[in-house]
Amino acid sequence: MAITDQKKKAEQFRALHNAADVLVLPNAWDVASARIVEQAGFPAVATTSAGIAFSLGYADGQRIPPEEMFAAVRRIARAVKVPVTEDAEAGYGSVPEAAARTAHRVIESGAVGMNFEDATGDTSHPLFDRSLQVERILAIREAANRDGVPIVLNARTDVYLAQVGEPAKRYDETVRRLSAYRDAGADCVFAPGVRDAETIERLVADLRCPLNILAGPGTPAVDQLARLGVKRISLGSGAMRATMGFLRRLARELKTSGTYRGLDEAPSYAEMNDLMRS
């Protein structure tokens, strides 16, 4: 993809975070899922790092070799016309230079957005120090500027998702971290693990920037999240896991009753072939 085209897609994707309608992203993990999302009318495709890892035989949490992750995203970006944002986990390295290299590889893959988290994967020290995470975000911004693509950075903290610290202190720590990430250059901030409307509304008011909520069972519906001021809603690996749940039910039906009723919901062979030709 030409840099000028990629720059336009980045600007288009950034604008979606400030549009009247909330940006909803049912995350994709391969070309077929990305094209189904695009065909359904969504204005962008977000990848799920966990979904991609699972589909390639790896556990989540930066256990997939980065080159396999970037190759999967490259195939997705080439297959759809809408902007693609990549879940780049924690940047595949702890130092700012690693984050910068990851940002460059995200852009090389054809994506125009990047999810970037502060989880370390170390249970004894589950989050990067806030100051180091800020340095890593600054390095991402500098790398994107050098490449000439204004990458849309979605900075995530896992305070709630990983249940870090005392419950009574999690809200303040989340605000401290996401405010720092915003000030360092994040376009959107992400607080997975937050589900209740009251906390979400407080975050919107305190952060004063686009907020991404991870949706799933127990999360307010899209229209309610929009009324609370949320600007971006994503499903993470949920859609991929739901697809695996469907396959599990189909396998059980075949094993126990020898019937195929579950296949009634499947796109036809011709539909899938046409989807891959588009």
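The values are calculated or read from the model by the stated rules, or taken from the named source; none is laboratory data. Here the structure is a predicted model, which means the values were calculated and not measured. Cβ atoms come from the backbone with ideal geometry, glycine included; neighbour counts cover every protein chain shown.
Does LEU153 satisfy the condition of being at pLDDT 95 or above, surrounded by 22 or more Cβ atoms within 10 Å (Cβ to Cβ), within 26 Å of ILE36 (Cα to Cα) and in contact with a Lys or Arg (Cβ under 9 Å, 6 or more places away or on another chain)?
Spelling it out, LEU153 is indeed at pLDDT 95 or above, surrounded by 22 or more Cβ atoms within 10 Å (Cβ to Cβ), within 26 Å of ILE36 (Cα to Cα) and in contact with a Lys or Arg (Cβ under 9 Å, 6 or more places away or on another chain).
Is it the case that some residue within segment 106-120 is crowded, with 20+ Cβ neighbours inside 10 Å and assigned to a helix (DSSP H, G or I)?
Yes.
Could you list, in sequence order, all residues of segment 223-242 that are in contact (Cβ under 8 Å) with a residue 12 or more places away in the chain and in a helix (DSSP H, G or I)?
Once the filter is applied, which keeps residues that are in contact (Cβ under 8 Å) with a residue 12 or more places away in the chain and in a helix (DSSP H, G or I), segment 223-242 yields GLN224, LEU225, ALA226, LEU228, GLY238, ALA239, MET240, ARG241.
Among the candidates ARG170, ARG75, which residue alone is of a type in the set (D, E, K, R) and closer than 22 Å to MET240 by Cβ?
Going through ARG170, ARG75 in turn, just one is of a type in the set (D, E, K, R) and closer than 22 Å to MET240 by Cβ: ARG75.
Among the residues of segment 17-40, is there at least one that is within 24 Å of GLY245 (Cβ to Cβ), over 15 Å from the mean Cα position of the chain (by Cα) and among the small types (Gly, Ala, Ser)? Walk me through how you get there before you give the answer.
In the first step, residues of segment 17-40 are kept if they are within 24 Å of GLY245 (Cβ to Cβ); the result is 24-40.
Still in the running and over 15 Å from the mean Cα position of the chain (by Cα): 31-32, 35-36, 38-40.
From what's left, among the small types (Gly, Ala, Ser): 32, 40.
The answer is yes; a qualifying residue exists.
Identify, from the list LEU207, LEU228, LEU250, LEU275, the residue that is surrounded by 13 or more Cβ atoms within 10 Å (Cβ to Cβ), in contact with a Ser or Thr (Cβ under 8 Å, 6 or more places away or on another chain) and among the hydrophobic types (A, V, I, L, M, F, W, C).
Within the list LEU207, LEU228, LEU250, LEU275, the selection yields LEU207.
If you take the residues in segment 1-32 that are among the small types (Gly, Ala, Ser) and out of contact with any Ser or Thr (no Cβ under 8 Å at 6 or more places or on another chain), which one is farthest from ALA221 (Cα to Cα)?
Pass one, segment 1-32, residues among the small types (Gly, Ala, Ser): 2, 10, 15, 19-20, 28, 32.
Restricting the remaining residues to those that are out of contact with any Ser or Thr (no Cβ under 8 Å at 6 or more places or on another chain) gives 2, 10, 15, 19-20, 32.
On the way: ALA2: 38, ALA10: 27, ALA15: 23, ALA19: 19, ALA20: 17, ALA32: 26 Å.
Out of the qualifying residues, it is ALA2.
Out of (1) surrounded by 24 or more Cβ atoms within 10 Å (Cβ to Cβ); (2) aliphatic (A, V, I, L, M); (3) touching a residue at least 24 places away in the same chain (Cβ under 8 Å), the odd one out for MET69 is which?
(3)
Of all residues in segment 121-145 being assigned to a helix (DSSP H, G or I) and within 19 Å of the chain's Cα centre (by Cα), which is farthest from GLU166 (Cα to Cα)?
Looking only at segment 121-145, we keep the residues that are assigned to a helix (DSSP H, G or I), and these are 130-145.
Narrowing the set further to residues that are within 19 Å of the chain's Cα centre (by Cα) leaves 133, 136-137, 140-141, 144.
Values: GLN133: 21, ARG136: 26, ILE137: 26, ILE140: 31, ARG141: 32, ALA144: 36 Å.
Among residues in segment 121-145 that are assigned to a helix (DSSP H, G or I) and within 19 Å of the chain's Cα centre (by Cα), the one farthest from GLU166 (Cα to Cα) is ALA144.
Look through segment 1-57, keep the residues that are touching a helix residue (DSSP H, G or I) at 6+ places or on another chain (Cβ under 8 Å) and of a type in the set (Ser, Thr, Tyr), and return whichever of them is farthest from ILE151 (Cα to Cα).
Top of the filtered list is SER55.
Can you confirm whether VAL164 is farther than 25 Å from ALA44 by Cα, part of a loop (DSSP other than H, G, I, E, B), touching a Pro at 6+ places or on another chain (Cβ under 6 Å) and without any contact (Cβ under 8 Å) to a residue 40 or more places away in the chain?
The answer is yes for VAL164.
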